[in-house]
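Asker: Let me begin by handing over the structure; questions about it come next.
The values are calculated or read from the model by the stated rules, or taken from the named source; none is laboratory data. As the structure is a computational prediction, the values presented were derived from the model and not from experiment. Cβ placement follows ideal geometry from the backbone for every residue including glycine, while neighbour counts extend to all protein chains displayed.
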Amino acid sequence: MEQPNASMLIIGDELLSGRTQDTNMYYLANELTEVGINLSEARFIRDDTATIVANIVELSTRFDYLFTSGGIGPTHDDITTDCVAQAFGKQVTIRSDAFKILKKYYDEKGIELNEARLRMARIPETADLIENSISGAPGYIIENVYVMAGVPKIFQSMLKTILPKLKKGSPTLSRSVKLHKGEGDIALELEQIVREFSKLNFGSYPFNEKGVHGTNIVIRGKDNKLMIKAEEKVRTLA
């Protein structure tokens, strides 16, 4: 089965300045892995029109899916929608379907749908809306680009909505071996195992527990029987 691949753009000056810590990439990676989609690349970029447009054009061409987070709120620096529209040569308008969703949400809350909040109804033409069960304002899909909010709870809610609709592959399996030896002690033997099991992916992750150094070896792949054999071989390094 062919494995779909994906990329992600995490957009926002606040992330690059260190004021805000991103969790959306890790959540997306875990969810995509579960359904057999490989998150192959992720980029943090600033709120700059030329940068966002260039990255959307590049990544939407190279990958089956592009997911974005951030920049679709009500403030002046929320420019993602205009950038997406520019990347695909589309017009942005206050869409009636998005307007109805926002009006219903804010009417029920007793909050005015003012000019700033109305910005969140600006959606590129031809885009399909992504439901936002948390705060009303929708994300959207245009071609293979999934534009979602930066707020983690909203991002997660939107992702749950779209996951069932994505083309999936076979899930990647994972096995882990904990060795109480440093990477330098096992590197040569591990390299031989990696060559022997070339259809699998191996990761080497050092740790320190109470002053004792060790290495976690993580094996990833699709063939469980082959992974069991590789795990047995890795355990001989203990």
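Asker: Taking the condition on the phi > 0 side of the Ramachandran plot and in contact with a Leu (Cβ under 8 Å, 6 or more places away or on another chain), does Gly36 pass? Give the derivation first.
Answerer: On the way: on the phi > 0 side of the Ramachandran plot: yes; in contact with a Leu (Cβ under 8 Å, 6 or more places away or on another chain): no.
Considered against the rule, which asks whether it is on the phi > 0 side of the Ramachandran plot and in contact with a Leu (Cβ under 8 Å, 6 or more places away or on another chain), Gly36 comes out as no.
Asker: Taking region 202-226, which residues are within 30 Å of Gly169 (Cβ to Cβ), under 26 Å from the mean Cα position of the chain (by Cα) and modelled with pLDDT of 95 or more?
Answerer: Within region 202-226, Phe202, Gly203, Ser204, Tyr205, Asn216, Ile217, Val218, Ile219 qualify.
Asker: Of the residues that make up region 28-42, is at least one under 13 Å from the mean Cα position of the chain (by Cα) and free of Cβ contacts under 8 Å to residues at least 24 places away in the same chain?
Answerer: yes
Asker: Now a separate question. Say we look at region 23-43 and pick out the residues that are crowded, with 18+ Cβ neighbours inside 10 Å and of a type in the set (Gly, Ala, Ser); which of these is farthest from Glu2 (Cα to Cα)?
Answerer: Out of the qualifying residues, it is Ala42.
Asker: Test Ile142 against the criterion of being without any contact (Cβ under 8 Å) to a residue 40 or more places away in the chain, surrounded by 14 or more Cβ atoms within 10 Å (Cβ to Cβ), within 26 Å of Gln86 (Cα to Cα) and not small (Gly, Ala, Ser), and give yes or no.
Answerer: no
Asker: With respect to the numbered conditions (1) surrounded by 14 or more Cβ atoms within 10 Å (Cβ to Cβ); (2) more than 30 Å from Asp78 (Cα to Cα); (3) touching a residue at least 24 places away in the same chain (Cβ under 8 Å); (4) touching a helix residue (DSSP H, G or I) at 6+ places or on another chain (Cβ under 8 Å), which one is the sole condition not fulfilled by Ser204?
Answerer: Result: Ser204 passes all but (3).
Asker: Pick from region 64-118 the residues that are touching a strand residue (DSSP E or B) at 6+ places or on another chain (Cβ under 8 Å) and loosely packed, with under 13 Cβ neighbours inside 10 Å: which of them is nearest to Ser135 (Cα to Cα)?
Answerer: Looking at the filtered set, the residue picked out is Asp97.
Asker: Only one of Ile56, Ile72, Ile111, Ile123 is β-branched (Val, Ile, Thr), closer than 28 Å to Ala42 by Cα and in a loop (DSSP other than H, G, I, E, B); which?
Answerer: Of the residues listed, the single one that is β-branched (Val, Ile, Thr), closer than 28 Å to Ala42 by Cα and in a loop (DSSP other than H, G, I, E, B) is Ile72.
Asker: Does Ser133 count as hydroxyl-bearing (Ser, Thr, Tyr), farther than 21 Å from Ile52 by Cβ and within 25 Å of the chain's Cα centre (by Cα)?
Answerer: yes
Asker: I would also like to ask the following. Which count do you get for residues in region 14-45 that are in a helix (DSSP H, G or I), farther than 21 Å from Gly73 by Cα and not aromatic (Phe, Trp, Tyr)?
Answerer: Summing the residues that are in a helix (DSSP H, G or I), farther than 21 Å from Gly73 by Cα and not aromatic (Phe, Trp, Tyr) in region 14-45 gives 6.
Asker: Right, something else. Scan region 126-156 for residues that are among the hydrophobic types (A, V, I, L, M, F, W, C), closer than 17 Å to Gly73 by Cβ and part of a strand (DSSP E or B) and jot them down.
Answerer: Leu129, Ile130, Val147, Met148
Asker: Name the residues in region 167-182 that are among the small types (Gly, Ala, Ser), farther than 15 Å from Ala238 by Cβ and touching a strand residue (DSSP E or B) at 6+ places or on another chain (Cβ under 9 Å), would you?
Answerer: Going residue by residue through region 167-182, those that are among the small types (Gly, Ala, Ser) are 169-170, 174, 176, 182.
Those still in the list that are farther than 15 Å from Ala238 by Cβ too: 169-170, 174.
Matches in region 167-182: Gly169, Ser174.
Asker: A further question on this structure: Run down Ile56, Ile52, Ile45, Ile10 and say which single residue is in contact with a Cys (Cβ under 6 Å, 6 or more places away or on another chain) and at pLDDT 95 or above.
Answerer: Answer to the check: Ile52.
Listed here are the residues, each with its yes/no results for (1) among the β-branched types (Val, Ile, Thr); (2) surrounded by 12 or more Cβ atoms within 10 Å (Cβ to Cβ); (3) more than 22 Å from Thr33 (Cα to Cα).
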site	(1), (2), (3)
Arg175	no, yes, no
Lys181	no, yes, yes
Glu189	no, yes, yes
Ile193	yes, yes, yes
Phe197	no, yes, no
Val212	yes, no, yes
Arg220	no, yes, no
Val234	yes, yes, yes
Leu237	no, yes, yes
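Asker: How many residues does region 184-218 contain that are among the small types (Gly, Ala, Ser) and at positive phi?
Answerer: Going through region 184-218 one residue at a time, the tally reaches 1.
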